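The values are calculated or read from the model by the stated rules, or taken from the named source; none is laboratory data. Since we're looking at a predicted model, the values are computed, not measured. Here the Cβ positions follow ideal geometry from the backbone for every residue, glycine too, while neighbour counts run over all protein chains shown. Remember, those area values only see protein heavy atoms, side chains included, never the ligands or the DNA or RNA. Shrake-Rupley method; radii C 1.70, N 1.55, O 1.52, S 1.80 Å.
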Amino acid sequence: MPVPDRILIVLTFWSLAFMPSLILSAREQHSEVPEKPPLSESEFRTQYAHAMKKFKDAYRNIECRAECQSLFDDPNDPSTKKRYDFSAHVLAKGKSIVAEQNYAAETPLGGIYSNEIVCATPDYAFELDKTRPGNPYLLTSVTHISTEHLRTRLRIIMGHYKDTYLYAAGSLDGCLFEEIIQKPSFSVTKLERVPPQKEEAEQLVALDFKVTEDPWAISSGHIVFAPDRNWAVLEFQYRCDYSDTDYSTYTGRNTYASTQKHEIPVPEKCEHEQTHYHADMLPISETFSAKLSSISFGTVDDSVFLLSNYGLPDTPLTAPRPATNNLMQWFLIGNAILLALIVLWVGLQRFRSRSKQ
């Protein structure tokens, strides 16, 4: 066999023996993503607190519109199964929020009204509704806020829609995680980085937690964050235990737009589900989804938090004077009258004595 043929055979053998390993090594080096060090709880709390500050600063004045769908299913009573399709307009400025909801013609809420407005401010909260789209709004309730507990309670009730999708990046089905993490009995049971499944995917962080002796009845939960999106909540699940036999589970998933505003992720779609368990009953489920559109910043005016913006007088929003002040006022008036009578009586007595003399 000629010498060049022998050399060719040796080179071919060498390439077949060693080239696969070289190719594999090159691929590993190309696809290898530098792993970040483990994340401690203190680091997470610091980074998340910074992210929430940035989030709040950007969301001080914001509004959006959304197309929503809600389904309530109670297998214990099939007649209560209801589906609601409605559009929502949510406006928030500072600590005040208002949500206007217009229900589809074929699915008015409970068959009672077609339009609803809920509003909460630091000083008062009110609710309006319409029996028909063309009718004027009717004032159904006004609450004057006198304590911090009442302010927090009404903020949760009235601001649920805002926290559910407008504030989806920082909430768990309407419960702000920033408030949950500050509970005295909150503790982290697991915290880890989740490696990306694809080369172009982002690295995530998963957190498991538990809460004991919580007034909201939250007992445990699991959350997946996106650190590169200002620690936005991608998905979550948590549980509320009310008793040994009664509890509820909450799950949700959020999808965000590819572009961000003010370095804050903007939600596009939110999907939530609640399942309620009770003794000797089939589970009751509630599902909710919202597709957001036309999000804008800095466009909310203070007038949207007044009744006059909806064709009603603002008089009911004025808080009545405390009863103690009224009692004190009458007490002072009574004392003044009594003092005047005493002075008058003393003057008459002196006048009579002088007249006799």
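Checking each residue in the stretch 187-210 for being assigned to a strand (DSSP E or B) and either of a type in the set (D, E, K, R) or surrounded by 16 or more Cβ atoms within 10 Å (Cβ to Cβ) (or both) picks out LYS190, LEU191, GLU192, ARG193, LEU204, VAL205, LEU207, ASP208, PHE209, LYS210.
For ASP214, are the conditions met, namely being at pLDDT 95 or above, out of contact with any helix residue (DSSP H, G or I) (no Cβ under 6 Å at 6 or more places or on another chain) and either farther than 22 Å from PRO184 by Cα or open to solvent by 20 Å² or more (accessible area, probe 1.4 Å) (or both)?
No; evaluated as a whole, the condition is false for this residue.
Residues in the stretch 282-296 that are surrounded by fewer than 15 Cβ atoms within 10 Å (Cβ to Cβ) and modelled with pLDDT under 90: SER293, SER294, SER296.
Among the residues of the stretch 259-281, write down those that are among the polar types (S, T, N, Q) and open to solvent by less than 90 Å² (accessible area, probe 1.4 Å).
Residues satisfying the conditions are GLN260, GLN274, THR275.
Scanning the stretch 61-97 for residues that are basic (Lys, Arg) and out of contact with any Ser or Thr (no Cβ under 6 Å at 6 or more places or on another chain), which turns out modelled with the highest pLDDT? Selected residue: LYS93. The C-beta contact set for the stretch 180-192 (first residue touching a residue at least 60 places away in the same chain (Cβ under 8 Å), second residue open to solvent by less than 80 Å² (accessible area, probe 1.4 Å), distance under 7 angstrom, 6+ apart or interchain) comprises VAL188/GLU41; VAL188/LEU207; VAL188/PHE209; LEU191/LEU39; LEU191/GLU41; LEU191/PHE44; LEU191/LEU207; GLU192/ALA206. Pairing each residue of the stretch 122-137 that is modelled with pLDDT under 85 with any residue that is outside any loop (DSSP other than H, G, I, E, B), provided the two are 6+ apart or on different chains, yields C-beta distances under 8 Å for THR131/TYR113; THR131/LEU138; PRO133/ASN102; PRO133/ASN115.
Count of the stretch 29-60 residues, restricted to those that are modelled with pLDDT of 95 or more and loosely packed, with under 10 Cβ neighbours inside 10 Å, is 1.
For the stretch 53-78, residues that are of a type in the set (D, E, K, R), in contact with a helix residue (DSSP H, G or I) (Cβ under 8 Å, 6 or more places away or on another chain) and within 16 Å of LYS269 (Cα to Cα) total 0.
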